[in-house]
1. Within segment 21-33, is there a residue that is small (Gly, Ala, Ser) and farther than 12 Å from residue 99 by Cβ?
2. Could you name every one of the strands (runs of 3 or more DSSP E) located completely within segment 27-142 that has at least 2 residues being open to solvent by less than 30 Å² (accessible area, probe 1.4 Å)?
3. In this structure, does residue 15 turn out to be free of Cβ contacts under 8 Å to residues at least 24 places away in the same chain, part of a helix (DSSP H, G or I), among the polar types (S, T, N, Q) and over 20 Å from residue 126 (Cα atoms)?
Amino acid sequence: MQQYLDFFFNQPVLSIAWIAIAVMLVQSLVKHKISGVKSITAQDAIMMINKQNAIIVDVRSVEEYKKGHIVNAKNIPVSQIDKGSFAEIEKYKEAPIILVCASGDRSSGAAGKLTKAGFTQVTNLLSGMNGWSGANLPTTKK
């Protein structure tokens, strides 16, 4: 224990940085648990699409969407979701919905907003399109 205290007092910058990282990690984990939004892998998403007819909503910008997206994905940018403008998927409130962005961060926030708006089966794709493409899963530019 004395070694930890010596390190803390001898290396205050490193100690503060370590504490800040630890706090951010705990905050991220707690936020994820409290949000109630489930995150899934690309393989889980494929199973949901095939077995439960899950709807894919791509929350990236229109420009990002045009560069390549999951087949049959609907593009509703996160800015529209923030405004509460998601009439295109309003009829799918009870259906499974998978939200996708580039890395999984933007879609996680959007998933929370859709859940608060009454959508019951919202999930977030872990690693987003980066993970999807990295797994060599099909995309389209149409």
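1. Here is the first cut: in segment 21-33, the ones small (Gly, Ala, Ser) are 22, 28.
Cutting the leftovers down to farther than 12 Å from residue 99 by Cβ gives us 22, 28.
There is at least one residue in segment 21-33 that is small (Gly, Ala, Ser) and farther than 12 Å from residue 99 by Cβ.
2. Details: elements: 38-40, 55-58, 96-100, 121-125.
Because the criterion is at least 2 residues that are open to solvent by less than 30 Å² (accessible area, probe 1.4 Å), the strands (runs of 3 or more DSSP E) in segment 27-142 that meet it are 55-58, 96-100, 121-125.
3. Working: free of Cβ contacts under 8 Å to residues at least 24 places away in the same chain: yes; part of a helix (DSSP H, G or I): yes; among the polar types (S, T, N, Q): yes; over 20 Å from residue 126 (Cα atoms): yes.
Answer is yes for this residue.
The values are calculated or read from the model by the stated rules, or taken from the named source; none is laboratory data. Note that the structure is a prediction, hence the values are computed from the model and not measured. Ideal geometry is used to build each Cβ from the backbone, glycine not excepted, and the neighbour counts take in all protein chains shown. Ligands, DNA and RNA are excluded from the accessible area calculation, which covers all protein heavy atoms including side chains. Shrake-Rupley method; radii C 1.70, N 1.55, O 1.52, S 1.80 Å.
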